[in-house]
Amino acid sequence: MEIAQNFMGPGATATMWRINENGCVVGTIIVNCEGFPETTTLDSLTAATYSTHMRNLSHYASNALKEIDVLDELVVLRLVSRKTEAVVAPDDEFHLIVVMRRNA
């Protein structure tokens with residue numbers, strides 16, 4: 001598995017490799033603050049699709065959480081479907097997205 005467009009530095013790259021060692025992980029994406037995938041182990045179309053939708057979902061979830069409790073903040077968003085699971089860890093500078101196969 002090759003990491004494409006690595007701009008995040010060796011620490012982020014090492015973390016992505018460690019996450020990808022899990023057999024259920026399909027790929028990881030680091031999305032910049034503008035919503036573009038900077039570093040990914042997925043193909044560019046899949047990375048762009050996940051980046052757009054998961055980043056939007058995390059913003060909606062964060063805003064909803066702020067309406068419920070202004071002192072709280074979103075740490076991780078987990079989306080589970082029948083086939084896959086996507087986990088987003090949002091940050092001010094970037095979002096980390098991990099896409100996994102579900103164990104059926």
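The values are calculated or read from the model by the stated rules, or taken from the named source; none is laboratory data. Not measured: the values here are computed from a predicted model. When we count neighbours, we look across all protein chains shown, and the Cβ atoms used for this are built from the backbone with ideal geometry, even at glycine. All accessible areas refer to the heavy atoms of the entire protein, side chains included, with ligands and DNA or RNA removed. Shrake-Rupley method; radii C 1.70, N 1.55, O 1.52, S 1.80 Å.
Report, by residue number, each residue of the range 24-51 that is closer than 14 Å to VAL87 by Cα and of a type in the set (S, T, N, Q).
Hits for the range 24-51 are THR28, SER51.
Looking at the range 28-63 only, could you name the residues that are in contact with a helix residue (DSSP H, G or I) (Cβ under 7 Å, 6 or more places away or on another chain) and touching a residue at least 60 places away in the same chain (Cβ under 8 Å)?
THR28, ILE29, ILE30, VAL31
Please find, within the range 66-97, the residue that is least open to solvent (accessible area, probe 1.4 Å) out of those that are over 20 Å from CYS33 (Cα atoms) and part of a helix (DSSP H, G or I).
Going through the qualifying residues, I end up with ILE68.
Residue-by-condition table, conditions (1) open to solvent by 20 Å² or more (accessible area, probe 1.4 Å); (2) among the hydroxyl-bearing types (Ser, Thr, Tyr); (3) closer than 18 Å to LEU74 by Cβ; (4) assigned to a loop (DSSP other than H, G, I, E, B):
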residue: ILE29; (1), (2), (3), (4): no, no, yes, no
residue: GLY35; (1), (2), (3), (4): no, no, yes, yes
residue: GLU38; (1), (2), (3), (4): yes, no, no, no
residue: LEU42; (1), (2), (3), (4): yes, no, no, yes
residue: THR49; (1), (2), (3), (4): yes, yes, no, no
residue: ARG55; (1), (2), (3), (4): yes, no, yes, no
residue: ALA61; (1), (2), (3), (4): yes, no, yes, no
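Which pairs have Cβ atoms under 7 Å, sit 6 or more apart or on different chains, and link a residue in the range 6-27 that is over 16 Å from GLU38 (Cβ atoms) and at pLDDT 85 or above to one that is open to solvent by 50 Å² or more (accessible area, probe 1.4 Å) and of a type in the set (S, T, N, Q)?
Cβ pairs passing all conditions: CYS24/ASN103.
Consider only pairs whose beta carbons are under 6 Å apart and that are at least six residues apart or on different chains; among these, list those whose first residue lies in the range 64-91 and is closer than 23 Å to THR40 by Cα and whose second residue is of a type in the set (Val, Ile, Thr) and surrounded by 10 or more Cβ atoms within 10 Å (Cβ to Cβ).
LEU77/VAL88; ARG78/VAL87; ALA86/VAL99; VAL87/VAL98; VAL88/ILE97; ALA89/VAL76
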